[in-house]
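Asker: Okay, here's the structure, questions in a sec.
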Amino acid sequence: MNRRSVVLGAIAATAAVAGVGAGVWRERFQDAAARGPDLWSLSFATLDGPPLAMSTLRGRHLLINFWATWCPPCVTEMPLLDAFATNHADAGWSVLALAIDAAEPVRRFVAERSLRLPVALAGDDGIDLSRRLGNSAGGLPFSVAFDRQGVPVQRKLGAIDAGLLRTWALAAR
């Protein structure tokens, strides 16, 4: 065995160990936080009623969309999410638009567009929650789909489209 083979073997072994370590870290910390009870024990202010307890949404397929009124892709995708919420309610889907914004701009936005989907206010804490759910960049919009057991099964940073929503709905059957 020559020296070059030994060095390449050592590099490969180190890379494998690092990969396994990163996977273990992700499973224990990042994914465990997303699966943990934190989300389901939270409640969020709504625009005109009592707070929304996340526990009331468990047991159905759930799509949470983190968004803000000042985010152009968020504004663009909101009618699509509203239609998805209406068209897939009978199939067991709930959709929650979780605003990273103040109440008044959100209230105006919802009224101007006659949105029917549930909207709640997460404020600045919503970015931290989205990070715990897999949005490592902390960007908007960010969507997470959960199965009926409350486990995140799909994530998307950036604007969603009708094709992606169809795919998620079909995968949930």
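Read the figures in this text as sums done on the coordinates, not as results from a lab. Since this is a predicted model, take the numbers as computed values, not measurements. Neighbour counts are summed over all protein chains in view; Cβ atoms, including those assigned to glycine, are modelled from backbone coordinates with ideal geometry.
Asker: Over every pair of different alpha-carbon atoms in region 43-90, take the mean of 1/r and invert it; report that Kirkwood radius in Å.
Answerer: 12.5
Asker: While we're looking at this one, here's another question. What percent antiparallel are the DSSP beta bridges of region 45-173, to the nearest 5?
Answerer: The antiparallel proportion sits near 55 percent.
Asker: Rounded if a/c is under 1.5, else prolate if a/b is larger than b/c, else oblate: which is region 38-171, with a ≥ b ≥ c the root eigenvalues of its Cα gyration tensor?
Answerer: Rounded, because the longest to shortest axis ratio a/c is under 1.5.
Asker: Label point 7 Å out from Thr46 along Cα-to-Cβ: which residues of region 113-144 have amide N under 13 Å?
Answerer: Of the residues in region 113-144, 116-121 have backbone N under 13 Å from the label point off Thr46.
Asker: How many nm is it between the label spots at Thr56 and Asp124, if each spot is 7 Å from the Cα in line with the beta carbon?
Answerer: 2.8
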